[in-house]
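Reading through the structure tokens given below for one structure.
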Amino acid sequence: MALSEVIAERRKRRTPPAPIPSDREFGRLELLLRLRRNPLTLWREQHFQDPIVAGKSVLGYGVVISDPAAIRHVLVENGANYQKDALQRAILAPGLGEGLLTVEGDAWKRARRTLAPLFTPRRVEALAKRMLPPIAGQVARMAQRRPGRIVDISQDMTRLTYDVLAETLFSNAIAGGATAFGRALTHYFATQGKIDPLDVLGAPAWIPRIGRLRARSAIDFFARQIDAIVTDRQALRMSRPAIADPDGRDLLDALLDARDPETGTGLSEAEVGANIVTFIGAGHETTANALTWSLYLVAMTPDVRERLEAEADTVAADPVAAALAGDRLTMTRAVIEEAMRLYPPVPSLSRAALAEDHAGGVAIPKGALVIISPYVLHRHRTLWTAPRQFWPERFLPGERETIDRYAYLPFGAGPRVCIGQQFAMTEAVLGLTMLIGAFRFDYAGRDPPVPMQQITLRPQGGMPMKVRARR
Ligand code: HEM
């Protein structure tokens with residue numbers, strides 16, 4: 001192969017798939033269809049070039065912000081002027097109830113104060129030890145398969161992150177088993193997660209939405225399961241002495257013990273249940289997608305794969321300690337961060353403006369929809385070098401510090417920043433290390449995977465991979 005062909009091939013491998021942005025505006029019907037099928041295809045050339053794009057659409061008056069200073073203004077400096085918008089609530093609230101992700105105002109402030117101690121670095125450290133057995137279990141299940149068999153790795157990652165949550169949240173005390181719960185979750189995301197034109201057009205809630213009706217069975221299933229888990233745990237707590245070491249508790253015990261530091265009040269049973277579902281809903285598909293895309297990107301870049309394998313081999317004796325240490329597994333961490341830059345698991349944040357405001361020199365009228373899209377922001381031509389290419393090196397120590405805090409938002413920012421960020425990063429680093437240490441992954445699809453937004457950013461139809469044991 002000639003040198004120019006080698007370079008072209010490398011560049012191709014470094015430029016993973018993404019919808020090609022259109023340079024024309026969409027009509028009302030096309031916009032609704034794209035919103036429902038794959039909102040990623042709505043972004044136009046202009047969004048990746050301009051710091052702010054404002055205008056009227058079928059969603060009302062909207063302002064798409066990709067200017068880091070303006071983002072800081074909306075999420076932090078004047079954060080009190082912005083609330084989660086009605087469309088987002090219509091998608092998330094039926095499943096997640098009044099959990100931390102969906103509540104607003106004083107209820108949110110109280111919940112955040114009460115739940116913050118559950119995710120301190122020290123708590124995450126204690127929870128990290130509980131992550132190891134479920135991850136090792138997934139590795140063992142994969143090792144039992146016929147070598148070289150093609151599997152949908154996104155399903156494996158969904159199972160892995162579910163098992164980690166089941167263990168850290170409620171010590172795996174799940175009545176119906178992981179498979180039933182996982183299936184209900186997938187069903188929920190596939191039905192409720194599709195944006196309904198009736199919600200977009202602001203139709204009254206009493207008009208039935210097809211997706212919502214189909215999601216009902218999953219929502220009822222969650223409610224029953226969580227109810228049973230909480231009731232069982234309360235019965236168990238009555239019959240056993242309190243766990244003396246707070247680090248020995250799972251998150252359910254911690255939720256039941258949690259007290260608002262200002263008022264000393266605990267959470268109601270309904271709030272405990274809603275937050276369990278919220279932690280699963282918010283922490284399951286997101287981390288699974290981060291791992292799935294990381295594995296894909298690693299499979300496409302043999303030089304990166306070699307570096308990750310070397311890192312995994314050096315920490316094989318104690319991967320948990322290495323995943324918790326900020327200065328080890330630096331390339332593994334950089335790959336996950338770069339994967340979440342190109343394919344942010346939460347590709348879009350949205351807010352409604354409570355009162356008129358200005359950001360980045362643009363007026364934001366009262367009631368306007370403000371969209372901050374990590375997907376657009378992370379590929380913005382003015383903010384990144386080679387924005388469409390996979391270069392994990394940009395997240396290595398020395399380079400990472402040069403990235404503007406508000407140009408990279410996989411976990412959001414400001415008071416509503418992801419409460420599970422350290423939990424998720426520890427899990428992803430530990431998971432990727434153990435997977436790369438044990439197996440070689442090769443992409444086995446006929447065509448490149450198609451990134452699709454359905455609440456989270458996933459590969460449409462899954463991620464087929466050939467998996468072989470390394471040793
Ligand atoms: C790679 C994995 C994850 C990603 C990319 C992610 C991303 C995000 C983002 C972007 C937000 C902010 C949403 C907004 O501002 O509108 C958020 C909020 C939240 N996340 Fe995560 N998350 C992840 C994992 C987790 C995990 C593991 C948990 C819990 C165990 C979790 C629990 C939450 C909760 C409860 C909120 C709401 C916080 C609040 O409103 O105060 N997330 N997440």
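Odds and ends about this structure:
- Histogram of C-alpha separations across region 259-332, 10 Å bin width, %: 16, 27, 26, 18, 12, 1
- Signed unit charges on C-beta, dipole axis of the chain, positive-most listed residue 322, 376, 7: 7
- Whole-percent P(r), region 347-471, all Cα pairs, 5 Å bins from 0: 2, 8, 10, 16, 20, 18, 12, 7, 3, 2, 1, 0, 0.
- Each peptide in 412-419, 396-403, 162-169 was scored by the mean count of other Cβ atoms within 10 Å over its residues; highest first, the order is 162-169, 412-419, 396-403.
- Rg ratio (alpha-carbon, reference 2.2 N^0.38 Å) - region 406-447: 1.67
- Residue-count net charge about residue 169 - beta-carbon cut-off 12 Å; Lys, Arg +1, Asp, Glu -1: -1
- Once the Cα-Cα distance is subtracted from the 0.36 nm per residue extended length, the residue 396 to residue 321 segment shows a gain of 25.1 nm.
- Kirkwood radius for the chain, taken over all pairs of different Cα atoms as the inverse mean of 1/r, rounds to 23.2 Å.
- Protection proxy ranking of 218-226, 443-451 - average other beta-carbon atoms within 10 Å, highest first: 218-226, 443-451
- Relative packing of peptides 348-354, 239-245 - highest average C-beta neighbours within 10 Å first: 348-354, 239-245
- Expressed to the nearest 5 percent, the antiparallel share of DSSP beta bridges inside the chain is 85 percent.
- Here the gap between residue 303 and residue 136, fully extended at 0.36 nm per residue and compared with their Cα-Cα distance, gives a gain of 57.6 nm.
- Near the amide H of residue 349, within less than 5 Å, lie the amide hydrogens of 372, 373, all on another chain or at least 5 residues away, with H placed in the peptide plane.
- Compactness of region 3-99 - radius of gyration and Dmax, Cα, Å: 18.0, 58
- Note on region 17-168: Kirkwood hydrodynamic radius from all Cα pairs is 20.1 Å, rounded to one decimal.
- Nearest-0.05 FRET efficiency for residue 61 and residue 256, computed from C-beta distance (R0 41 Å): 0.40
- Solvent-accessible area of region 3-469 (1.4 angstrom probe, protein heavy atoms only): carbon and sulfur portion equals 56 percent.
- About the centre of its Cα atoms, the chain shows a dipole size close to 1240 debye [charges on the beta carbon of Lys, Arg (+1) and Asp, Glu (-1) only; nearest 20 debye].
- Measure of compaction for region 400-471 (Cα Rg per 2.2 N^0.38 Å): 1.44
- In this rough spin-label picture, where each label sits 7 Å from Cα along the Cβ direction, the residue 24-residue 234 distance is 6.0 nm.
- The length gained by stretching the chain between residue 356 and residue 15 to full extension, at 0.36 nm per residue less their Cα-Cα distance, is 118.7 nm.
- Projected label distance in nm at residue 386 and residue 122, using a 7 Å step from Cα toward the beta-carbon: 4.4 nm
- Separation of the residue 417 and residue 4 label points, Cα + 7 Å toward Cβ, nm: 4.8 nm
- Taking the charge dipole of the chain about its Cα centre, with +1 at Lys and Arg Cβ atoms and -1 at Asp and Glu Cβ atoms, the residue from 448, 414, 58 reaching farthest to the positive side is 448.
- The chain - percent relative contact order, Cα under 8 Å, separation 6 or more: 27 percent
- With a Cα cut-off of under 21 Å and a minimum spacing of 8 residues unless on different chains, the lysine pairs in the chain number 6.
- Solvent-accessible heavy-atom area per residue, rounded to whole Å², over the chain at 1.4 Å: 44 Å²
The values are calculated or read from the model by the stated rules, or taken from the named source; none is laboratory data. Source: prediction; values computed, not measured. Reconstructed Cβ throughout: ideal geometry from the backbone, glycine too, with neighbour counts over all protein chains shown. The area values use the complete protein model at the heavy-atom level, side chains included, leaving out ligands, DNA and RNA. Shrake-Rupley method; radii C 1.70, N 1.55, O 1.52, S 1.80 Å.
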